[in-house]
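Single-structure report; data block below.
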Amino acid sequence: MLVMARRVILPMRRSLFVAVATLVVATVAVAILQDGLGVPNPSAVYLVAVVATALVSGPVGAIAVSVASFLLYNWFFVEPRYTFTVAQPAEVLAILLLLFVGVVVGQLTALQRARTELARTREREARALFRLSRALATRETTAAALAEIATIIRDQAGMRRVWVSLGADEATERVATDTNAGEARPQPGTIATLRRMPGEAPAEWVRIHRPGVRPPSRARRSATTNRAAVSATYRVRIEASGASLGSIWALRDRNAPDPDRTETRLLAAAADQVGQALGHDRLVAERQAAEIARQSDAVKSALLQSVSHDLRTPLATIRAAAGSLRPGSGLSSDEQRESAEAIDREVEYLNRLVTNLLDLSRIDAGALIAERDVFELDDLVSRTMQRLRPRLADRPVEVAVTDRAVIVDPILLDQALTNIVENALKYAPAPAPLRIATTDLDGRIRLTVEDGGKGVPAESLGRLFEKFYRVPEKRPQSRAGTGIGLAVVRGLMEAMDGTATARQSELGGLAIDLELPATEVPAEIQSPSAGATRPTA
Amino acid sequence: MTESRSGRQKSRPAPTVLIVEDDAETRAAVVRELAARGYAIVEAHDGRTALERWAARRPDVVLLDLGLPDLDGLQIVGQIRREASTPIVILSGRYEEREKVAALDRGADDYVTKPFGVDELDARLRVALRHGAGPRAEADGGLATGPLRLDPVRHEVTIDGRRVDLTPREFEILRVLLANAGRLVTKGRLLRAVWGEAYQDEASYVYVHVSQLRRKLAAADSEGHLRDLIVTEPGIGYRVRGEPRP
């Protein structure tokens with residue numbers, strides 16, 4: 001605002017002041033030089049006044065001062081004095097030269113001044129543009145940079161207030177940022193909209209009157225009571241590849257003129273850059289959506305592949321075993337019992353597979369809801385281990401679990417633990433040992449299941465919990481696993497505010513850490529006699 | 001077809017089971033297996049038929065599938081419980097957890113999760129049949145299993161005659177659990193029986209109370225006769241062993 005004031009109001013008065021002052025000083029100096037010291041024709045002193053005025057007020061002032069100097073010198077110092085007549089022809093030449101040199105010097109000085117001014121404006125404009133692109137470049141999304149952009153426009157384009165709205169048209173536009181957030185936005189009757197011209201032609205402001213909004217008396221009254229007469233509203237559309245994405249809105253003091261060329265250029269450039277950035281954002285979003293769709297297709301086909309394989313193998317066993325149970329198959333009753341047991345085993349396997357698949361889909365859909373309660377951890381773990389014990393009979397198993405209270409869904413924890421143990425059974429065959437232990441952490445308990453199998457390469461550890469991820473095997477196995485079990489483990493744990501991570505075990509194989517939220521049991525429940533001699537399971 | 005209570009003792013060798021299951025294949029397989037194991041069978045393929053057959057035949061035990069096409073399993077449990085204490089065993093899928101617990105809370109006796117083995121089903125039915133008569137109590141109202149004895153008059157629990165120090169809450173929990181020996185006691189039923197309706201504040205700590213109780217019993221039970229007396233059924237409650245470990 002200060003910039004504008006200096007440019008508009010001050011110059012006239014200041015130029016006049018400078019011109020008069022320098023002319024007075026020059027006249028006094030000439031009087032002293034010529035009449036006091038006897039210097040012949042010191043009229044060149046007036047050139048100082050010409051240059052000084054030219055610096056301040058440009059070519060018009062310089063010419064005016066040159067003419068004034070010519071007249072003053074002629075009046076005061078050229079014989080006959082106090083007339084504009086010149087007695088000696090030599091004097092005529094001198095004062096005409098004074099006039100000529102005055103005009104030329106004045107013009108040159110004024111030109112220089114204009115160039116400096118222009119350079120300064122250009123630099124300011126360049127700096128503003130640089131700040132604009134920097135604001136956009138250093139933000140992740142365009143939306144985050146808008147506040148800074150609005151501030152830059154307000155300060156550099158001489159605006160009182162700037163806001164940016166996003167949307168396809170005025171009806172759907174929503175304000176994204178506002179330099180004076182909180183103040184009511186005016187409903188102006190007239191809006192100056194920037195019309196872009198094709199090619200190099202400068203853009204121009206076009207006033208559009210909006211029907212339905214009456215600006216007259218009421219608006220003016222409220223404007224006058226509202227300190228400065230704020231009202232001129234400017235709008236620059238933000239566009240990208242022909243589509244309207246929103247607008248930059250600006251308010252300017254009413255008595256200020258329309259934004260000048262530089263300010264207009266800045267507004268247009270800001271709109272262009274925001275438009276480009278928004279267009280880019282949109283492209284990125286579309287690419288991401290396409291990538292997600294592609295991945296989810298890939299996931300679906302991976303699921304179908306792995307599941308159809310994993311379903312078909314046990315089904316083949318069941319069919320063969322069922323055939324052997326038919327009367328007249330000629331098998332001994334021992335062999336028939338074996339067949340029946342094989343069917344049982346495969347059904348159990350299929351049951352677990354289907355359960356995991358359903359859990360996986362519930363996890364993906366966000367439909368898995370944990371029903372949490374306070375349990376002593378050893379109670380739950382020993383229950384699960386009891387169920388799995390028959391299948392662990394062929395290897396050393398060590399279980400040492402704390403009886404501290406945890407907040408879990410017992411069914412989900414059972415499912416997670418079962419999946420981990422089954423994973424160990426599959427990939428760390430007997431006689432690899434299995435160990436289940438706990439570590440007290442601050443506010444949490446870590447339940448670790450580790451095996452003495454051959455382990456998992458370090459680069460696979462981070463991916464174990466990904467859906468359908470299988471550690472690459474040298475020799476493909478008939479039942480390589482579906483890559484579902486551990487993905488379900490992580491989903492189940494997260495549903496209970498827990499975590500699941502993998503690392504190398506000291507036993508040589510894989511260690512899976514489950515972290516569970518722990519809780520303290522109130523003292524009135526905790527009986528003192530039991531606390532001291534508490535055995536771990 | 002009028003034999004009900006008096007008839008049960010007589011018919012014990014061949015108890016009547018009402019099988020309510022909408023899937024024809026599953027029903028046929030269960031019917032075949034249970035008939036082979038000496039049960040008298042009544043079938044129903046939906047809820048309405050089930051209630052009709054139940055009213056007409058008064059079976060000794062009901063095997064009820066929760067996912068019926070017409071009636072909610074809970075309605076059937078409620079209907080039967082209004083008139084009789086006939087044992088009900090629930091057949092449920094993995095994703096009917098909540099409905100199953102609600103059915104057990106309303107008075108169903110036990111459950112079997114699909115897919116189930118027939119041996120397991122048979123065992124559950126037999127336990128349910130045994131307890132159709134209600135909890136066993138001694139003449140003075142005392143409860144006992146193996147070396148454990150609970151005397152409600154003197155408010156005392158002993159193992160092999162040695163007194164076990166329990167808090168009033170733990171004593172009450174043990175009393176409710178022993179009174180339901182051999183059955184499934186849901187968390188909700190335990191809460192209502194021990195705390196009454198004002199259980200809200202301590203609802204989360206039921207399992208902790210029971211863990212404490214179990215620990216005290218284990219400490220006093222040097223022979224290990226009472227191991228696994230109270231078994232946690234995750235997400236449901238507790239199962240209390242009916243007979244002492246041999």
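Bear in mind that the values in this text are calculations on the coordinates, not laboratory data. Bear in mind that the values here come from a model prediction, so they are computed numbers and not experimental data. Note: ideal-geometry Cβ built from the backbone for every residue, glycine included; neighbour counts use all protein chains shown.
Taking 0.36 nm per residue of separation and subtracting the Cα-Cα distance, what length does fully extending A:Asn351 through A:Glu506 add?
52.5 nm
Using DSSP loop states and a limit of at most 16 other Cβ atoms within 10 Å to flag GluC sites (Glu not before Pro), what is the longest stretch of chain A containing no flagged site?
With a cap of 16 other Cβ atoms within 10 Å, the longest stretch comes to A:201-370.
Quick one: among B:Gly146, B:Gly107, B:Gly161, which has the greatest mean-square fluctuation in a GNM of chain B with alpha-carbon springs under 10 angstrom?
Among B:Gly146, B:Gly107, B:Gly161, the largest mean-square fluctuation in the Gaussian network model of chain B belongs to B:Gly161.
Please compute the modelled spin-label separation between B:Leu74 and B:Ala55, points set 7 Å along Cα→Cβ, answer in nm with one decimal.
2.3
Give me the number: length gained by fully extending A:Ser324 to A:Phe130, i.e. 0.36 nm times residue separation minus the C-alpha to C-alpha distance, one decimal in nm.
This chain segment gains 61.6 nm when fully extended.
Ratio to report: Rg/Rh of chain B, with Cα atoms as the point set and Rh obtained by the Kirkwood method; give two decimals.
Using only Cα positions, Rg/Rh for chain B is 0.99.
Under a point spin-label approximation (7 Å from Cα along Cα-to-Cβ), what is the A:Ala87-A:Glu117 distance to one decimal in nm?
Each label point lies 7 Å from its Cα, and together they span 4.4 nm.
Compute the acute angle (0 to 90°) between the alpha-carbon long axis of helix A:410-427 and the principal axis of greatest extent of the alpha-carbon atoms of chain A; round to the nearest 10°.
Result, in degrees: 80.
Taking every alpha carbon pair in segment B:153-239, what does the distance histogram look like in 10 angstrom bins from 0, in percent?
Per 10 Å bin, starting at zero, the Cα-Cα P(r) for segment B:153-239 comes out as 16, 53, 28, 4 percent.
Using a simple spin-label model with points 7 Å from Cα along the Cα→Cβ vector, what separation in nm is obtained for A:Val48 and B:Glu83?
The answer from the label model is 12.6 nm.
Whole-Å semi-axes of segment A:48-136's equivalent ellipsoid, largest first, each the root of 5 times a Cα gyration tensor eigenvalue?
Calculated on Cα positions only, the semi-axes equal 44, 10, 6 Å.
Below 12 angstrom from the Cβ of A:Asp497, what's the summed charge of the other residues (Lys, Arg +1; Asp, Glu -1)?
Surrounding charge for A:Asp497 is -1.
Using the structure shown, select from A:Lys300/B:Lys114; A:Lys300/B:Lys187; B:Lys114/B:Lys216; B:Lys187/B:Lys216 the pairs with a Cα to Cα distance greater than 32 angstrom.
In this structure, A:Lys300/B:Lys187; B:Lys114/B:Lys216 lie more than 32 Å apart at Cα.
Segment B:150-236: which GluC sites (Glu not before Pro) are DSSP loop and have at most 15 other beta-carbon atoms within 10 angstrom?
Taking segment B:150-236 and a limit of 15 other Cβ atoms within 10 Å, the loop GluC sites (Glu not before Pro) found are B:Glu197, B:Glu223.
Taking the number of other C-beta atoms within 10 Å as the exposure measure, put A:Ile436, A:Ile153 in order starting with the fewest.
If I rank by nearby Cβ atoms, fewest first, I get A:Ile436, A:Ile153.
Going by C-beta contacts inside 10 Å, put A:Thr109, B:Thr113 in order with the fewest on the left.
Final ranking by Cβ density, sparse to dense: B:Thr113, A:Thr109.
Using all C-alpha to C-alpha distances in the protein assembly as shown, build P(r) with 10 Å bins and read off the rounded percent in each one.
Pairs per bin, as whole percents: 2, 10, 13, 13, 12, 9, 8, 8, 7, 5, 4, 4, 3, 2, 1, 0, 0.
How much of the DSSP bridge set in the protein assembly as shown is antiparallel, in percent, rounded to the nearest 5?
75
Taking R0 as 30 Å, what's the FRET efficiency between B:Asp165 and A:Glu338 from their Cβ-Cβ distance, rounded to 0.05?
Step by step, r from the Cβ atoms, then E = 0.05.
For the pair A:Arg14 and A:Ala94, what calculated FRET efficiency results from E = 1/(1 + (r/R0)^6), where r is the Cβ-Cβ distance and R0 = 45 Å, to the nearest 0.05?
Here the calculated transfer efficiency is 0.90.
By how many nm would the segment from A:Gln295 to A:Lys454 grow when fully extended, if each residue of separation counts as 0.36 nm and the alpha-carbon distance is taken off?
Taking 0.36 nm per residue and subtracting the Cα distance, the gain is 54.1 nm.
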